[in-house]
Structure formats: C-alpha cells, structure tokens
Amino acid sequence: MLLGAVRRLLRAGAAARHKAMKNWGVIGGVAAALAAGMYVLWGPITERKRRRRGLVPGLLNLGNTCFMNSLLQGLSSCPSFIKWLEEFTAQYKTEQSQSTEHQYLSVTLLRLLRALSCQEATEDDVLDASCLLEVLRMYRWQISSFEEQDAHELFHVLTSSLEDERDRQPRVTHLFDVHSLEQPEITQKQISCRTRGSLPLLSNHWKSPHPFHGRLTSNMVCKHCEHQSPVRYDTFDSLSLSIPAAVWGRPMTLDHCLHHFISSESVKDVVCDNCTKIQAEGILNGQSIENQRTTFVKQLKLGKLPQCLCIHLQRLSWSNQGTPLKRHEHVQFNEFLIMDIYKYHVPVHKSSQTELNQKNSEETAPGTKDGIAVKPAGAEHPSGTKPHFMNGACPSSFLMSSATFPLAAFPECSSPVYLYRLMAVVVHHGDMHSGHFVTYRRSPPSPRSPFAVSSQWLWISDDTVRKASLQEVLSCSAYLLFYERVHSRVQHQSLASKAEE
C-alpha cells in the first residue's frame with residue numbers, strides 16, 4: 001500500500017508540473033504576440049528613444065490630423081516666425097502669468113515649433129500636438145481631429161488668432177506688473193511717468209505684426225483721361241494664386257501664376273470724377289451734367305512684401321456639372337524666388353518722368369516701370385546671351401546649393417531687393433473628398449552654426465521622417481510654399497543699425 005501511495009503522489013506531481021508548464025506556455029505565447037505587435041506598429045523601443053541624427057521629430061496622427069501636422073512642420077522651418085514668437089511671448093514670462101501661459105496660442109505654438117526645429121531638448125521621435133487643438137478651442141475654434149480639414153485654412157486660423165491675441169494686449173504696462181516695471185529700460189520711463197504723466201509703453205513686439213503679414217495695393221486708372229484713383233491697401237497673410245489654363249507644350253510655372261495674379265483687368269461702367277470735372281468745365285452756363293462713366297484698368301501689386309512668404313496654389317476647380325475637382329498638374333518652382341517685379345512702386349508725375357529716368361536709371365528696380373510689371377530684362381535677349389528668368393528667379397540648374405546664391409554669374413540677379421529662399425513645401429495627395437498631407441522641409445541647422453541654412457531636405461508624413469533631395473522637392477505638386485526673405489549684407493547692416501537705435 002505504501003508503494004501505491006508513493007506512485008499516486010508522483011503521478012499527481014507530474015500532472016501539476018505539466019499543467020503549470022502549459023499555463024506558462026500560454027502566457028509566454030501571449031507576451032510574444034504582444035511584443036511582435038508592438039514591434040510592427042512602433043518599431044524597436046530602443047530606436048524610438050533615440051532619434052536618428054539629422055532628422056526632426058514626427059507628429060502623432062490623432063485621427064485625421066495630417067493637415068495640422070504638415071502645417072506645423074512647415075512653420076517650424078521658418079526661423080523668422082519662431083523668432084517673432086519668442087519675442088512676442090517674452091511678455092508672458094512674469095510671475096503673475098506663469099500659471100496662465102498654457103492659455104495663450106503663441107506660447108503653445110512656440111513650444112511645438114521649437115521642438116520640431118530641435119531647439120528644445122527632447123529625445124522623443126514622435127510628438128503629440130493635441131495641445132494646439134485644445135488651445136484653439138479656447139479661442140472658439142472647434143476643429144475636430146477625426147474630420148478631414150485643410151492645411152491652408154488652419155494657417156489662416158493660426159495667423160488670425162495670433163492677431164486677436166496681440167490686439168487684446170494692453171497698450172501700457174499695468175501698474176501692478178512689478179516684474180516689468182523693474183526692468184532697466186522701463187525704470188527710466190517710469191521716472192518720466194512721474195514728471196510728464198505718461199505710462200511706460202510695452203515692447204514694440206506687441207505692435208509688430210507677424211512675419212507673414214503683407215499688404216496688397218489695388219490701382220485703378222481711367223482709360224479715357226488716364227486719371228489714377230487713390231491706391232487702396234489690403235492686408236494678406238498668404239498669396240492665394242489661381243493656376244491659369246494650361247497651354248499645350250508649355251510648362252506651368254510659379255511665375256505664370258504670379259503674373260496672372262497681378263495681371264490687369266478692365267472694369268466697365270465706373271464713375272470717373274475727373275472726366276466729370278473736365279466735362280463740367282466745358283459748359284459755360286453752369287448746367288448740371290451727369291456723372292461720366294468710363295472704363296477703368298485695375299491692377300493688383302504687392303505694396304509690402306513680408307519676411308515670410310506663404311504661397312497657396314489653388315487646386316480646386318469646378319466641372320460643368322458643378323462638382324468640385326482637383327487640379328493635379330505640376331507647377332514648376334525654384335529654390336530661390338525674386339519678387340522685385342511684383343512690388344508696387346509709387347508712379348512718378350509725367351512732367352518729371354524723363355528727367356528722373358535719365359538721372360536714376362541705375363537705381364530703378366529690375367522688372368518694374370511706374371509700378372507696372374514688365375518682362376524681365378533677360379527675356380528681351382536671345383537665348384544664350386543672357387540668363388533667363390524662370391518662376392521669378394534664376395535658372396534652377398544654378399540653384400542646387402542653398403548655401404550660396406550665384407549672383408555674380410547673373411547681371412539681372414546682381415541686386416535683387418526681395419530675394420526669397422524656399423524653406424518648406426506642403427503637398428496634398430488624393431482628391432477633393434479625401435487625401436493626405438505631407439511636408440518637405442529643410443533640416444534644422446547644426447548647433448555649431450545656428451544661423452546657417454541647411455541644404456538637407458526632409459520628407460515628413462505624420463510620424464515618418466526620412467531624408468530627401470532638392471530634386472525630389474522641386475518635382476512635387478506643391479499646395480503650400482513657404483519662402484523666407486534673404487537679406488543682402490547691406491540690408492543686414494541697415495537692419496542692425498536700426499535695431500541698435
């Protein structure tokens with residue numbers, strides 16, 4: 001009996017060990033499946049903690065937020081915009097406002113852009129931008145992360161909200177803002193406050209518009225008497241350019257879109273005060289006459305070009321049945337863009353026009369005449385004798401390097417005042433009903449040379465980041481183009497002297 005009991009105990013122990021091993025096998029299989037799934041979805045954990053050198057963080061897609069992710073990547077490649085946000089948000093860095101900093105769009109946007117431009121110390125290769133949607137809701141913008149939106153519309157939401165935030169700020173320093181009143185530059189003004197009765201003014205950064213802010217001019221001239229109406233000014237944050245009808249055998253360029261934007265148009269049946277006045281002077285008996293209606297020529301020009309230029313290519317069109325269609329044609333653009341030809345210049349009176357042209361012929365801006373756009377000088381010469389302009393800039397074959405601009409090789413490009421460098425491109429893949437936004441942008445400069453401009457381009461789709469070539473960038477079907485103005489040495493010295501004053 002004793003031997004039988006021992007055998008039964010041994011069998012029970014073996015069964016228990018087999019059951020335990022079976023349970024551990026199931027647990028191990030589940031763990032291995034979870035690990036494999038995590039590897040497929042997110043890749044190795046060790047690689048996520050360390051971002052590849054030369055790349056920037058990606059952004060988590062919160063549902064359908066590729067429109068926001070692509071725009072943020074584009075804005076983060078504009079150093080002037082980040083600098084403006086830094087100067088703008090400096091006013092919030094007081095002891096009383098530290099608890100409310102998260103309520104400001106400018107502060108939230110600056111933190112995201114600094115992280116995406118590798119100016120913030122972070123090892124994460126994927127960031128979460130849901131904080132931007134939350135702060136926009138505080139500005140009464142209801143943007144769903146699960147509905148497809150437009151990147152260009154979000155750009156205007158951000159710029160208009162920043163302007164509203166700026167306009168809400170007080171014009172003078174509050175008397176209870178001890179931190180601001182104790183600043184060295186404020187103390188002297190505080191003393192003058194006691195003698196002249198004026199309060200210390202806030203920094204000029206409150207008043208200065210964001211670097212995407214520009215002005216359009218609308219000029220109307222009577223075709224009968226050539227009388228010019230007062231120039232009208234309108235503000236813009238981006239240039240929304242329609243794509244002209246394609247001509248067979250002729251590539252569509254950004255230059256064509258810009259010329260189409262500023263091309264003159266005839267406006268009929270407009271009352272001309274000058275024609276009415278001339279008609280009244282010819283009547284001796286003082287009889288009243290009707291207002292003279294004539295045809296006017298209207299033209300748009302750029303009265304003030306911004307530091308950061310955002311160009312929106314309108315790819316929406318309508319079929320004969322009224323359904324929306326997307327235009328997929330490629331619009332050629334270059335790494336550098338010269339905008340002098342599109343700048344408005346105050347016209348000179350006819351009596352002194354000839355004398356002024358003889359005296360200041362060398363100072364006249366290329367491509368302009370009395371504020372009216374003309375063909376570039378190089379277009380009047382046979383091919384091969386002088387360089388040809390394309391897209392408002394020099395040929396792209398000479399612009400493959402972003403570090404230098406070969407001005408000496410091109411007489412027409414020797415003195416551009418409004419020269420812009422491409423910083424980012426937003427591309428939309430798909431149709432008008434659904435699609436996906438991606439971004440081409442420059443890699444941030446090295447910490448050793450923070451003011452240099454990198455020649456390395458990146459392709460970013462939400463949380464996926466890889467390197468790209470300039471040729472790939474120039475071959476894409478652009479939706480948004482982000483350019484930043486390049487100042488010459490003389491302009492840099494002038495800006496520095498003004499800053500010191």
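Read-outs throughout are calculated quantities, based only on the coordinates presented, and are distinct from any laboratory measurement. This one's a predicted model, so the numbers in the text were calculated from it and none came from an experiment. Note: ideal-geometry Cβ built from the backbone for every residue, glycine included; neighbour counts use all protein chains shown.
Quick look at the values:
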quantity: Nitroxide proxy distance, nm - points 7 Å out along Cα→Cβ at residue 168 and residue 289; calculated: 5.6 nm
quantity: Of 223/298; 298/326; 268/298; 277/298; 304/343; 223/268, pairs whose Cα-Cα distance is over 19 Å; calculated: 298/326; 277/298
quantity: Residues of segment 128-158 with amide N under 14 Å of a point placed 7 Å along Cα→Cβ from residue 314; calculated: none
quantity: Potential lengthening between residue 139 and residue 332 on full extension [0.36 nm per residue; Cα-Cα distance subtracted]; calculated: 65.7 nm
quantity: Residue-count net charge about residue 75 - beta-carbon cut-off 13 Å; Lys, Arg +1, Asp, Glu -1; calculated: +3
quantity: Residue 83 versus residue 487: modelled label distance in nm, points set 7 Å from Cα along the beta carbon direction; calculated: 0.6 nm
